[in-house]
Amino acid sequence: MRKKLIAANWKMYKTAEQALAFVSAVLPVVWEHTRDEIVLCPSFLAVPTVVEAVRGSQIGVGAQDVFWEKEGAYTGEVSAHMLTAAGCTHVIIGHSERRQYCGETDDMVNRKLRASLTAGLKPIVCVGELLAEREAGMTEDVLRRQCSAAFREISSGDAIPIIIAYEPVWAIGTGKTATPELAAEAHRTIRFEAEQAFGAGVATQMRILYGGSVKPDNARALMSQPEIDGALVGGASLEPKSFSAIVKW
């Protein structure tokens, strides 16, 4: 059985003080929750505060991005080794907002993924189609392209920690959600690509999350799908009550 993972992507919200208040509210509710893995992904500036606040609990801390070089003259960037030194266990890579606003390409996603694995981070790699691509019947093609590019030059042994997050771009922040059946179909396509790249053993173990307007009222229906191994939660992860409700699905 693949243990489900519930990851909170706070995006560009929460100061360190606000992050601490969130953890203080959520921690007592989920302290004994062991069914699912829980990861909080604050902004870079709030990472040390959250790492310290969850110390001693089962909650992991992830970053929202990473750069592929270990160090150098890359103003504004943060390396994978810096993240592990700060206490991060996970990192989000290739979120659709970074692809859209920051020009992140499939090649950049691959380079960030390889650097994260080398540093010992568990990468959460985001893939997903635009509305126009879904309406044109291109969802499967888009997922295969993004996955095959992300998996390039990675061995089966190194691939074991990889987590994929399927996030249909048309469902992010819109209130629209892919039906559990549509999401499961996309997950099967992603798992097939993982099998092609790494073999059936790794593909069977690989967790594939769903991200796209996950809320307390749809979490159970999504999580009940055998192919859905958890959720990458955006807006609903900002409030302790709603995030706790998703964790307790």
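By the combined test of axial Cα extent (at least 18 Å) and Kyte-Doolittle hydropathy (mean at least -0.5), the qualifying DSSP H helices of the chain come to 16-30, 180-198. By other beta-carbon atoms within 10 Å, ranking 78, 66 with the fewest at the front produces 78, 66.
Sorted into 10 angstrom bins from 0, the C-alpha pair distances of the chain split as 8, 34, 39, 18, 1 percent. Taking the inverse of the mean 1/r over every pair of distinct Cα atoms in region 1-57 gives a Kirkwood hydrodynamic radius of 11.9 Å. Ranking 246, 94, 159 by how far each Cα lies toward the positive end of the dipole of region 5-247 (charges on Cβ) leaves 246 at the top.
Semi-axes of the equivalent ellipsoid for region 1-149, computed as √(5λ) from the eigenvalues of its C-alpha gyration tensor and ordered from largest down, come to 27, 20, 15 Å. When the C-alpha to C-alpha distance is required to be over 30 Å, the pairs from 14/176; 122/248; 70/176; 176/241; 11/70 that qualify are 70/176. For region 141-228, report the % of Cα-Cα distances exceeding 18 Å. Of all Cα-Cα pairs in region 141-228, 42 percent lie more than 18 Å apart. Helical content of the chain, expressed as a calculated mean residue ellipticity at 222 nm, amounts to -12500 deg cm²/dmol (DSSP H runs of 4 or more residues, -39,500 (n - 2.57) each, divided by residue number, nearest 500). Ranked for footprinting exposure by Cβ neighbours inside 10 Å, fewest first, 129, 97 give 97, 129.
Percent relative contact order of the chain, based on C-alpha pairs within less than 8 angstrom and at least six residues apart? Normalised by residue count, the contact order of the chain is 20 percent.
Which of 215, 122, 70 ends up with the largest GNM mean-square fluctuation for the chain, with Cα atoms connected below 10 Å? Highest fluctuation of the listed residues: 70.
Can you sort 237, 43, 155 so the residue with the fewest Cβ neighbours within 10 Å comes first?
Ordered from fewest to most neighbouring Cβ atoms within 10 Å, 237, 43, 155 come out as 155, 43, 237.
A simple charge model with +1 on the Cβ of Lys and Arg, -1 on the Cβ of Asp and Glu and nothing else charged puts the dipole of region 87-162 at about 300 debye relative to its Cα centre. Largest mean-square fluctuation among 194, 85, 136, in a Gaussian network model of the chain whose springs join Cα atoms under 10 Å apart, belongs to 136. Think of each Lys and Arg Cβ as +1 and each Asp and Glu Cβ as -1; about the Cα centre, that makes the dipole of the chain roughly 500 debye. Farthest towards the positive end of the charge dipole of the chain, among the residues 79, 126, 225, is the Cα of 225, using unit charges on the Cβ of Lys, Arg, Asp and Glu.
Taken together, the values in this text are just the output of simple stated rules run on the coordinates, not laboratory data. The structure presented is a predicted model; accordingly, all values stated were derived computationally and were not measured. When we count neighbours, we look across all protein chains shown, and the Cβ atoms used for this are built from the backbone with ideal geometry, even at glycine.
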